[in-house]
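What follows is calculated from the coordinates using simple rules that are stated; it is not laboratory data. On a predicted model such as this, the values are computed, not experimentally measured, just so you know. When we count neighbours, we look across all protein chains shown, and the Cβ atoms used for this are built from the backbone with ideal geometry, even at glycine.
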Amino acid sequence: MILDLYNYWVVIFLMMSGFYTLIASNHLIKKIVGLNIFQSSVFMLYISMGKVAGGTAPIAAEGIDTYSNPLPHVLILTAIVVGIATTSLALALVIRIKESYDTVQENEILELDRISDEETQA
Amino acid sequence: MFAVTCLAILIVMGIALARAFIGPTVYDRILAVNMFGTKTVLFIAVYGFLTERPEFMDIALVYALINFVGVIAVLKFVERFPPPSAQSDE
Amino acid sequence: MSAINLLIDIVLLTMLVFTTIAIVRSRSLFAIVMLSGIYSLLSANIFVVLDAVDVAFTEAAVGAGISTVLMLATIGITGYEQKKRRSISRITPLIVVFITGAVLVYGTLDMPAFTNPSNPVHEHVAPRFIEQSPTEVGIPNMVTSVLASYRGYDTMGEVIVVFAALIGVLSLLGIREKKTDPVYTEPPPRPILQVMAKFMIPFIILFALYVQFHGDFGPGGGFQAGVIFSVAIILYTLTFSQQDAMDLVPPWVLKRLAALGVLIYGGTGVVSLLKGGNFLDYNVLAHDPIHGQHYGILIIEFGVGLTVACVMILIFFAFISRGDKNP
Amino acid sequence: MINEHLPALQVVVPLLAAPICFLILNNRLSWLFASLVSWLCFAMAILLVMEVKDGAVLHYEFGGWAPPWGIEYSVDVLNAYVLLIVSGIAAVVFPYSWTSIQKEIPESHHRIYFTAMMLCLAGLLGMTITGDAFNLFVLLEISSLSSYTLISLGRDRRALTASFQYLIMGTIGATFILIGVGLLYALTGTLNMADLASKIPALEGSRTLQAAFAFLVVGFGLKLAMFPLHLWLPNAYAFAPSAVSAFIGSTATKVAIYALLRFLYTVFGADFSFNFMQVQWLLMPLAVASILFASMVAMFQDGIKRLLAYSSVAQIGYMLLGISLVNITGLTGTLLHLFNHALMKGGLFLTLGAIAYRVGDTRVKSIAGLGQAMPFTMGAFVVGALSLIGVPLTVGFISKWYLILATLEKGYWPLTVLIIISSLMAVVYTWRIIETAYFQERPANAPEVKEAPLSLLIPAWTLIAANLYFGINSRLSTDLATGAAKMLFGGSLL
Amino acid sequence: MNFIIDALSWACLMLGCFLGISGAIGIFRFDEFYSRAHAASVTDTLCVLFIISGLVLQSGFNLVTVKMIFIVVLLWLTSPVASHALIRSAYQTGLKPKLAITRKESSKRTQS
């Protein structure tokens, strides 16, 4: 039982650590690192599904007849690209936020936003 | 034989990882990451032989390359934006 | 999996767990970025152990390479400090994470066992890819045939995602062509590095080309080649200066080429449409379906490589051209 | 020949138009091209609706590979209906954009704006039409990445934080969807929705399936701003440029609701979703809470855009309420509200854009006296507001009518009362605006304000007029919605 | 013949492992950055050489061998350059090497 699923459980632990960093962290860059961990552990979940006992990499070669499943690999290649695209956009946003708020701490930004909200209302 | 080598490399990686955790200066971390990267290259190479499909040496080459460029990038940024204290980054 | 592979897998996962814990607990941003580089390398190793060589290739180039470089450029601008925050309750996030994790663990209880060859994953769709793609598509790397042919439309979406990221970064940061601050235009002279870089860059580009065109037979393909190519330019930028690199590959050319890459991919689809097939049906591109598949995959991989290389270089330029504002 | 490729062209044309928009160096040409493509998309959507309205289902195999090996697009009444909404709104917003962004976005960014809008449109259309679960994720990310960009184009610096917040929440949502799809894949070995649907009934009771269901519902919940997960929405709509608020506000959440419906009904099947998982008892309280809470908050907003954003959260509550009733009338109500809400919110946001163009901002107090100064703009706003409230002869009435009927059919009369109360709340929050515009004097020191230019008024009035037209002659929308609802329930007796 | 090659490659691999581990111990145990860098960079190159030669002996001559030779060349070029650059920038940003630690200082350090 444990040997059947240990890979998934470790991956879930990693996923949840990343998720925790993402939602609990106060620093925007640390949030993004959390996001990366969260996503790449999901990638590992997929790749774990594709592994076949005794299989090798899905590149056809003489004398090999058991290959691991190529489909999860394809999906995750796409997902990695999506991940880096999101990361770079998020980092660009962080740079702009730093330039206009002069901070990258979430609580300080929210505080500044609250002040400007009140000014708009007044 | 390859298995033993693989495990030895993994041990080295583990120790380098420990150095990366404790730091204390940014340079220690960079050193550890660099070492980790080189050992990753070796790991991939040996692992290919372990599983009897050594033709994926391209990955190891990429790692070696990325590792070098990564270290240079880190150094450039550390030089350009020196950390608050060179002695420890904590 | 044999015992030794299992052991290696477990050791790597354990290291990954420790790295993650260190990242979660660490307060030094620099350490976090370094550790996330290690995280990528480790997960790439796990991908190799789990037979996903193409994924490992990409993860190493993207996670340990590009994303670390971008993160560093960002913390250079935002500062290394992570201020102590006032005590905000961490209970709510913990509860959310705990519930999500519990649902996932609950979900895995009925998951098909790890590596069991009779799992549904290996029985329904995948066998055709494994058994017939070498004859239907005609190339040995099944990942490439699924990526570029069976699910070629997803890959086109992926190229568009990269292009969308470029649009976003250009909109947010832009690329400043002229640098005004003289302090940073001249990096300290570093003869050893420059000689090394000059020596290596041609080989890196050659290697990128090899990865681009050898992707049918081994791990690699357009995306990986594009990233490697951009790494060559990044190395050039780092050892010389941004202005030198921009003279070498002017951003306005790169912008055009990035859009062109997307159009090459889409254009292949349109051509196959005009030739009477479905969108992205390469069979109709030549008289012989196998040749058609070959041409199709070659062309779209070129489009992917072009877009990815240009976008990565442009994003890198955009990030470092912001750097001199807040040293 | 073209007809048979329509499903692919519907998405591929805007996808490829995006890089072309970026390559065209002249801003005005880029705009003309983008508008042309948006009309073309609308025309294709109309053609698709014509083809499938009698219950036919179109299939398109990308690369000529049969599903489940290749990626398949499949168009039925439901997709075609949502395609019509999305491309229709786009066909109005694109021409509108030119004048609107002149004052809101620096000129250097105009081309980027059109490219990003085009990508967003393509992503949303693709999400709607695709029959492959993973392809949905890819297209979702295309539309999300471009909408983060579009929102960050807002002038206020809070647009940046709004965009960042949306990015974080949106990516969590997308990752949850990815996990859900992964678990489904692990169980069935396929990614094609129709194929999944045929394999899932045999797996009922599997704990993995339940977890996949939970992740997909929460993931789409984040994307569609389901009540406790709606936090990203108000700021994103409030600080984005006006045309962007109009486009994203009236399409993005709708497509997410569509995707949720697709998974609940087609992939998992109504039986699993509602009999086994009982998801309606999750959706109903959330819907009620979001209607009450968001309407309440909307009453106290001073920025009109944010007010409308909270009202959107409330309207999403109506749509979820319709789903949670689990009968054909309720689902028809939901689908009608997709259409109607797109029309009214689109119209209202476009009107606000016209006000922003002349006045410079859209706070309630700065529109004082505009009733006289901008009669056509404010007239449009009044009609839109009436529609939001649900006054007869407007589209808002039609969908609320269906929802009320559905609650009565089920015998849930407290929900009937709730719908009426929340309509009254809508009266309160829109009345504040109308009262300020018509019955307050323009401050003496305020600058002179002219009527908005025609290039803004015509698109705004087009949508507003559609509000009236479909309110009076609702045959088209109700037929399609009823057809789609019946198709979703299929043969299952619920 | 096979036996000799096996034995040789065993020896190479084990030597490489030994060098790797000694470098790792160095990087872990030494108490100052420059000594750690020394330990790491000195062992790195030889370790790579031995392990890869062990592999080359096993694989015979083919494309894989060529790639492995490339790896050795690449690492031999980049690794010293990276170490050089690292130490140089550490020195320039003000991290001073402890050239001679007196007994008193070192005991003080262990206490603290």
- For segment D:228-233, in order, what is each residue's ³J(HN,Hα) by Karplus, 6.51 cos²θ - 1.76 cosθ + 1.60 with θ = phi - 60°, in whole Hz (x at glycine and Pro)? x, 9, 8, 4, 6, 5
- Note on the structure: Semi-axes of chain C from the Cα gyration tensor (sqrt of 5 times each eigenvalue, largest first, whole Å) come to 35, 32, 19
- Query: Any idea how far the Cα center of segment D:7-69 sits from the one of segment D:431-448, in Å?
  - Reply: 44 Å
- Cα-based Rg/(2.2 N^0.38 Å) for the protein assembly as shown, rounded to two decimals, is 0.92
- Query: In whole percent, what relative contact order does segment C:1-124 give with Cα contacts below 8 Å and a gap of six or more residues?
  - Reply: 22 percent
- Please work out how much length the chain gains when fully extended from E:K98 to E:L46, using 0.36 nm per residue of separation minus the C-alpha to C-alpha distance, in nm with one decimal. 16.1 nm
- Task: Just subtract the alpha-carbon distance of C:T92 and C:H287 from 0.36 nm times their residue separation and send over the number in nm, one decimal.
- Result: 64.0 nm
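Please state the shape class of chain A: rounded when a/c is under 1.5, otherwise prolate if a/b exceeds b/c and oblate if not, all from the C-alpha gyration tensor.
prolate
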- Tilt of helix A:106-121 relative to the longest C-alpha principal axis of chain A, in degrees (0 to 90, nearest 10)? 40 degrees
- Query: What aspartates and glutamates sit close enough to C:K198 to cross-link, taking a C-alpha to C-alpha distance under 18 Å and skipping anything fewer than 8 places away on the same chain?
  - Reply: C:E186, C:D244, C:D247
- If you line up the long axis of helix D:454-472 against the longest principal axis of chain D, both from Cα atoms, how many degrees apart are they, to the nearest 10? 50 degrees
- Query: Relative contact order for segment C:275-327 using alpha-carbon pairs under 8 Å, separation at least 6, rounded to a whole percent?
  - Reply: 17 percent
- Cα gyration tensor category, rounded, prolate or oblate, for segment B:2-80 with a/c compared to 1.5: oblate
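How large is the helix-only mean residue ellipticity at 222 nm for chain D, computed as the sum of -39500 (n - 2.57) over DSSP H runs with n ≥ 4, divided by its residue count, in deg cm²/dmol to the nearest 500?
-25500 deg cm²/dmol
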- A student asked for the Cα radius of gyration and Dmax of chain D in angstrom ought to give 21.4, 72
- Item | Where labels lie 7 Å past Cα in the beta-carbon direction, separation of D:E204 and A:L110 in nm | 4.4 nm
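Find the relative contact order for segment D:279-494 and round it to a whole percent, using C-alpha pairs within less than 8 Å whose residues are 6+ positions apart. Display every interim value, and only then the final one.
On the way: 327 pairs, mean separation 62.0, N = 216.
RCO, segment D:279-494: 29 percent.
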- Note on the structure: Quick shape check on segment C:1-124: root eigenvalues a ≥ b ≥ c of the Cα gyration tensor, a/c under 1.5 is rounded, otherwise prolate if a/b tops b/c, else oblate, and it reads oblate
- Query: Can you run phi through the Karplus equation (6.51, -1.76, 1.60; θ = phi - 60°) for segment B:37-46 and list ³J(HN,Hα) in whole Hz, with x for Gly and Pro?
  - Reply: x, 4, 5, 5, 4, 5, 4, 4, 4, 5
- Query: Hey, how many Å between the Cα centroid of segment E:1-61 and the Cα centroid of segment A:20-99?
  - Reply: 32 Å
- Message: How tilted is helix A:2-24 with respect to the longest principal axis of chain A? Cα atoms for both, answer in degrees (0 to 90, nearest 10).
- Response: 10 degrees
- Per-residue mean of other chain beta-carbon atoms within 10 angstrom of the beta-carbon, peptide D:106-113? 2
- Note on the structure: Checking A:L14, A:L35, A:L71 against a Gaussian network model of chain A (alpha-carbon springs below 10 Å), the top fluctuating residue turns out to be A:L71
- Query: Do you know the Lys pair count in chain D for C-alpha distances under 15 Å, with sequence separation 8 or more or different chains?
  - Reply: 5
- Among the chymotrypsin sites (Phe, Trp or Tyr not before Pro) in segment D:280-368, which ones are in a DSSP loop with at most 12 other Cβ atoms within 10 Å of the Cβ? Mind listing them? D:F300
- Query: When DSSP beta bridges are limited to those with both residues in the protein assembly as shown, what percentage is antiparallel, rounded to the nearest 5?
  - Reply: 90 percent
- Just tell me which aspartates and glutamates come within less than 15 Å, Cα to Cα, of A:K51; anything on the same chain fewer than 8 places away is out. A:D4, A:D65, C:D9, C:D51, C:D54, C:E123
- Query: Taking C:K275 as the anchor, which aspartates and glutamates have their alpha carbon closer than 15 Å to its alpha carbon, excluding any fewer than eight residues away along the same chain?
  - Reply: C:D288, D:E4
- In chain C, whole DSSP H helices that both stretch 24 Å or further along their axis by alpha carbon positions and average at least -0.5 on the Kyte-Doolittle scale are C:3-25, C:29-49, C:91-108, C:152-172, C:191-214, C:222-239, C:251-274, C:289-321
